[in-house]
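Down below is the structure, laid out as structure tokens.
The values are calculated or read from the model by the stated rules, or taken from the named source; none is laboratory data. Everything numeric in this text was worked out from a predicted model, so none of it was measured. Cβ: placed from backbone, ideal geometry, glycine included. Neighbour counts: every protein chain shown.
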Amino acid sequence: MNLLISFGPLRAYIDDVRFITNRSTGTFGYRLLQEALLRKYDVRAVAGKTAFSPPRGVAGWIEVEEYEGLRRALCKNFSWADIIIMAAAVPDFIPLQKETGKIPRSRDEWDL
């Protein structure tokens with residue numbers, strides 16, 4: 001059985017320094033991954049910014065930072081999977097565009 005799982009927090013960059021995210025640790029998805037390995041599943045993981053390392057026996061480990069990287073990784077591995085668990089914490093809000101550089105604090109208005 002082939003399991004594709006995503007977990008952990010993702011970022012939506014406002015500029016080169018600031019981003020929107022949440023406090024997800026990815027623990028829930030990582031524990032599901034471990035359980036799948038105990039059941040002898042072939043597992044590929046797409047991990048957001050977490051403190052976890054690939055466990056022994058994982059068939060693939062893809063680290064992503066932003067929501068778009070998650071989408072690409074899932075699409076690339078979709079046809080391989082018999083089961084897909086999507087436990088990644090995708091940002092609820094995404095800026096219309098990412099600013100280049102760092103937006104100065106003195107900027108009068110911010111429109112996200």
Q | Residue check for residue 13: hydroxyl-bearing (Ser, Thr, Tyr) and closer than 28 Å to residue 105 by Cβ | A | yes
Q: Within the stretch 82-93, identify whether any single residue is modelled with pLDDT under 90 and over 11 Å from residue 8 (Cα atoms), and answer yes or no.
A: yes
Q: State all residues of the stretch 1-26 that are within 16 Å of residue 64 (Cα to Cα) and of a type in the set (S, T, N, Q); if no residue qualifies, say none.
A: 6, 21, 22, 24, 25
(Q) For the stretch 9-18, check the following and say yes or no: at least one residue is of a type in the set (Asp, Glu) and without any contact (Cβ under 8 Å) to a residue 60 or more places away in the chain. (A) no
Q: Exactly one condition in (1) under 22 Å from residue 93 (Cα atoms); (2) in a loop (DSSP other than H, G, I, E, B); (3) modelled with pLDDT of 95 or more is not met by residue 23; state its number.
A: (3)
**Q.** Complete set of residues in the stretch 23-55 that are more than 9 Å from residue 7 (Cβ to Cβ) and in contact with a Leu (Cβ under 8 Å, 6 or more places away or on another chain)
**A.** 36, 41, 42, 43, 44, 49, 55
Q: Look at the stretch 1-55 and say how many of its residues are under 17 Å from residue 83 (Cα atoms) and among the hydroxyl-bearing types (Ser, Thr, Tyr).
A: 3
Q: Grab the strands (runs of 3 or more DSSP E) fully contained in the stretch 27-91, keeping just those with 2 or more residues being touching a Lys or Arg at 6+ places or on another chain (Cβ under 9 Å) and surrounded by fewer than 16 Cβ atoms within 10 Å (Cβ to Cβ).
A: 60-63
Q: Output the number of residues of the stretch 98-109 satisfying the condition of being free of Cβ contacts under 8 Å to residues at least 60 places away in the same chain and surrounded by 10 or more Cβ atoms within 10 Å (Cβ to Cβ).
A: 0
